[in-house]
């Protein structure tokens, strides 16, 4: 591999593009220059911090440290999912069911990858585990938040229609099955877009990164295909799990519609 | 209670004992088969809450019985199929009214719609093109075709013109004569009189007798 190492000067050159954005905002009076600069600074600080953290974690090769990092990432993803719908669950249910879905989707797909395709030694080698979890959580977050927002939004909007069905003796499941399907479909759209655009409209980030780092394109492509499959599986699991859990929480043993469990 | 008195006094069709939620009650009621109770009261007094609690759409404590059988001995959907609630604001989940009926109920549904004075053709039009009154009557028809022993009607004639009101009342009177028990939320005292209904007033989320 002949990766070209970037120097601080190289990064400073690229940063002038951000300064250009800020100048643009000043000239056109977009009022965005502050936000652009703050966001760029945040990005740099966050990534450098992560870089150092990963360096430490990679050097430790300690399963416990790896687990802690993975858990923190997963909880942040769950919080983002739970925060998405306009009306939120009372108590810790929103965070709880999001965390359950994130855990399920991530464990299954990362576990599958580490046990079959990638098989690092040891299997918990943070270089693989943390990186995989990071990529997969992105898709889980997308699919889970769209699905949860879909379920909660639709149930709130369609309250009269759902209760009219319940009042005529319909099961809760039957009265909400269409909403459920729509929510899961929404959750799966991003990964479908991502897969159909891959390589034609966009060069996926991982693949581009590996090619820039000097890897043979075909090797990079194989990695990308594996990852896309993992992301597709994780998206599906997250979307379905979140939708089912949310529906379950919005009804009870008498199959009522319990909108009182939302804020 | 002895066997004798059980026979002489039949179990009421619908009975409520100490039914309450955090929002309303307690309510105690006994309604015989084929009788009608009209509940009036200011908006927000708790009239809809009462009907929703009986239908088990809102959680409540206390005893609700149908022909002496406790509500909790059957599942929520089976209960609601027997104590059918028709909301003041009708809900729809498909394109045309017809699609809201099971195939075996469509013919009866059309017949009821005609009797209630719903414009011919409305049954197969898109729901969003129908008038509020048409939607309200068709929502009532959805419950009527199920022929439940108890009907819980929330302002069934609210948005209707006098002629349609008369038609709805005629159909409801027929159901009463056939033994259906009806609880009706109505602001019209003369309607209760025409239906031969007992009247109660809902005030501060409690039921009071109307003198």
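Might you check whether a residue that is more than 14 Å from chain B (Cβ to nearest Cβ), out of contact with any helix residue (DSSP H, G or I) (no Cβ under 8 Å at 6 or more places or on another chain), surrounded by fewer than 18 Cβ atoms within 10 Å (Cβ to Cβ) and in a helix (DSSP H, G or I) occurs anywhere in segment A:249-262? Looking through segment A:249-262, none of the residues is more than 14 Å from chain B (Cβ to nearest Cβ), out of contact with any helix residue (DSSP H, G or I) (no Cβ under 8 Å at 6 or more places or on another chain), surrounded by fewer than 18 Cβ atoms within 10 Å (Cβ to Cβ) and in a helix (DSSP H, G or I). Of everything in segment B:67-88 that is assigned to a helix (DSSP H, G or I) and touching a strand residue (DSSP E or B) at 6+ places or on another chain (Cβ under 7 Å), the residue that is surrounded by the most Cβ atoms within 10 Å (Cβ to Cβ) is B:71. Criterion first (in contact with a strand residue (DSSP E or B) (Cβ under 9 Å, 6 or more places away or on another chain) and outside any loop (DSSP other than H, G, I, E, B)) does residue B:172 satisfy it? The answer is yes for residue B:172. For the subset of segment B:155-169 comprising residues that are within 15 Å of the chain's Cα centre (by Cα) and not in a helix (DSSP H, G or I), which member is surrounded by the fewest Cβ atoms within 10 Å (Cβ to Cβ)? Filtering segment B:155-169 for residues that are within 15 Å of the chain's Cα centre (by Cα) and not in a helix (DSSP H, G or I), the one surrounded by the fewest Cβ atoms within 10 Å (Cβ to Cβ) comes out as B:158. When segment B:61-77 is filtered for residues that are more than 7 Å from every other protein chain (Cβ to nearest Cβ) and under 18 Å from the mean Cα position of the chain (by Cα), the ones remaining, listed by number, are B:64, B:65, B:66, B:67, B:71. Taking the criterion of being part of a helix (DSSP H, G or I), more than 11 Å from chain A (Cβ to nearest Cβ), in contact with a strand residue (DSSP E or B) (Cβ under 7 Å, 6 or more places away or on another chain) and more than 19 Å from residue A:171 (Cβ to Cβ), would at least one residue in segment B:123-140 satisfy it? Checked against the condition, which is being part of a helix (DSSP H, G or I), more than 11 Å from chain A (Cβ to nearest Cβ), in contact with a strand residue (DSSP E or B) (Cβ under 7 Å, 6 or more places away or on another chain) and more than 19 Å from residue A:171 (Cβ to Cβ), segment B:123-140 yields at least one hit. Scanning segment A:121-137 for residues that are closer than 15 Å to residue A:227 by Cβ and without any contact (Cβ under 8 Å) to a residue 40 or more places away in the chain returns A:128, A:131.
On inspection, residue A:87 qualifies as over 30 Å from residue A:212 (Cα atoms), outside any helix (DSSP H, G or I) and in contact with a strand residue (DSSP E or B) (Cβ under 6 Å, 6 or more places away or on another chain). Going through segment B:32-56 one residue at a time, which ones are in contact with a helix residue (DSSP H, G or I) (Cβ under 6 Å, 6 or more places away or on another chain) and either closer than 20 Å to residue A:259 by Cβ or outside any strand (DSSP E or B) (or both)? Residues satisfying the conditions are B:34, B:41, B:55, B:56.
Right, residue A:231: in contact with a helix residue (DSSP H, G or I) (Cβ under 9 Å, 6 or more places away or on another chain), assigned by TED's automatic domain parsing to the domain that holds residue A:131, surrounded by 20 or more Cβ atoms within 10 Å (Cβ to Cβ) and under 21 Å from residue A:100 (Cβ atoms) or not? Yes: the conditions hold for residue A:231.
Could you tell me whether segment A:29-38 includes any residue that is within 30 Å of residue A:95 (Cβ to Cβ) and not assigned by TED's automatic domain parsing to the domain that holds residue A:140? Within segment A:29-38 (the criterion being within 30 Å of residue A:95 (Cβ to Cβ) and not assigned by TED's automatic domain parsing to the domain that holds residue A:140), the answer is yes, since at least one residue qualifies.
Condition check: free of Cβ contacts under 8 Å to residues at least 12 places away in the same chain, within 14 Å of chain B (Cβ to nearest Cβ), over 14 Å from residue A:241 (Cα atoms) and buried (at least 16 other Cβ atoms within 10 Å of the Cβ). Does residue A:168 satisfy that?
yes
Can you name every residue in segment B:89-100 that is at the interface with chain A (Cβ under 10 Å from one of its Cβ atoms) and outside any helix (DSSP H, G or I)? B:89, B:90, B:91, B:92, B:93, B:94 - these are the residues of segment B:89-100 that are at the interface with chain A (Cβ under 10 Å from one of its Cβ atoms) and outside any helix (DSSP H, G or I).
The values are calculated or read from the model by the stated rules, or taken from the named source; none is laboratory data. Nothing here was measured: the structure is a model prediction, and the numbers come from that model. No Cβ is skipped: glycine too gets one built from the backbone with ideal geometry, and neighbour counts run over all protein chains shown.
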